Amino acid sequence: MRLESLLAPDAIAAGLDAEFPGDEWSGYHLRPSTLRPEDLEEVDSELGVRFPMSFRQGVLRWDFGDLSLGNVWFGSDGDYLGMLRRENVSDPSAPRWWGSGERPSSTLLIGATDGYLVLLELVSGSVLAMPRGKSIEAANQVAANIELLIRGLGTIFLGREGSSDPRQLASEIAAAVDGRAGSAFWTDLSLGVS
């Protein structure tokens, strides 16, 4: 399979609905968001950040509260903004994804896989993947923004079974979403090992 283009969000939603019919697979559907702009502004204020416009648009478009796409988990309890609060607040009594001290001011945890933490870079809106157990310095850009991440994840998840060369598919997706060379993230996802 040669990648012609990334799947559009509507095609991803339809593909997931066909792959996981019914409500018993609730976390495997790309559903419309029920959040309002004021909900995001409240979390902005609590975390002392300003979400990039591309991320705001994505979270207001799709429901990340109960979403797992291509081995990346965003939320599982229906409260994505609650997850953002829990995972990104500086709390010295609890272990944090960034280690000790204050959270890096320009980065938020927005999702995870078994092998990676998925981070949002607040200045550019780009999405990074940081291998678990490593420091923020080990994070690499895996998508230019949240929409390209979703399109890449949907394309790799729905296309990897039909691909004769999953590594080539991963390389093409990484290029299409503006992922940085040298990151194993897309390759791991294409092989189903992350």
With only helices counted (DSSP H, runs n ≥ 4, each -39500 (n - 2.57)), the per-residue ellipticity at 222 nm for the chain, to the nearest 500, works out to -11000 deg cm²/dmol
Amide H contacts under 5 Å for Leu69, restricted to residues at least 5 apart in sequence or on another chain and with H modeled in the peptide plane, are Phe74
Mean separation of Cα contacts under 8 Å (at least 6 apart) over the residue count of segment 83-142, i.e. the relative contact order in percent, is 21 percent
Stokes-Einstein D for segment 8-64 (4 °C, 1.567 mPa s, Kirkwood Rh from Cα pairs), in µm²/s, comes to 102 µm²/s
For segment 32-40, in residue order, the Karplus 3J(HN,Hα) values (coefficients 6.51, -1.76, 1.60; θ = phi - 60°; whole Hz; Gly and Pro = x) are x, 6, 10, 6, 10, x, 5, 5, 5
Excluding ligands, DNA and RNA, the carbon-plus-sulfur percentage of the accessible area of the chain with a 1.4 Å probe reads 48 percent
Note to self: with every protein chain in place and a 1.4 Å probe, the chain gives an accessible area per residue in Å² of 47 Å²
For Ser5 and Glu41, extending 7 Å from Cα along the Cα-Cβ vector and measuring point to point gives, in nm, a value of 3.6 nm
Between Val142 and residues 5 or more places away or on another chain, the pairs with built amide H atoms under 5 Å apart involve Val127, Leu128, Ala129, Arg180
Nearest-0.05 FRET efficiency for Ala94 and Leu191 at R0 = 35 Å, using Cβ-Cβ distance, is 0.60
Projected onto their principal axes, the Cα atoms of the chain stretch, largest extent first, over whole-Å spans of 47, 36, 27
One would report the Cα pair-distance distribution of segment 45-108, bin width 10 Å, in %, as 19, 48, 31, 2
Rounded to one decimal in nm, the spacing of the 7 Å Cα→Cβ label points at Thr34 and Ser106 is 3.7 nm
Of every Cα-Cα pair in segment 154-194, the percentage lying beyond 17 Å is 16 percent
The chain, Gaussian network, Cα under 10 Å: of Asp17, Asp91, Asp178, the residue fluctuating most is Asp91
Contact order relative to length for segment 46-121, counting C-alpha pairs under 8 Å separated by 6 or more residues, stands in percent at 23 percent
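The values are calculated or read from the model by the stated rules, or taken from the named source; none is laboratory data. This structure is a prediction, so every number in the text was calculated from the model and none was measured. Don't worry about glycine lacking a Cβ; one is built from the backbone with ideal geometry, like all the others, and counts go over all protein chains shown. Surface areas here come from the heavy atoms of the whole protein model, side chains and all, with no ligands, DNA or RNA. Shrake-Rupley method; radii C 1.70, N 1.55, O 1.52, S 1.80 Å.
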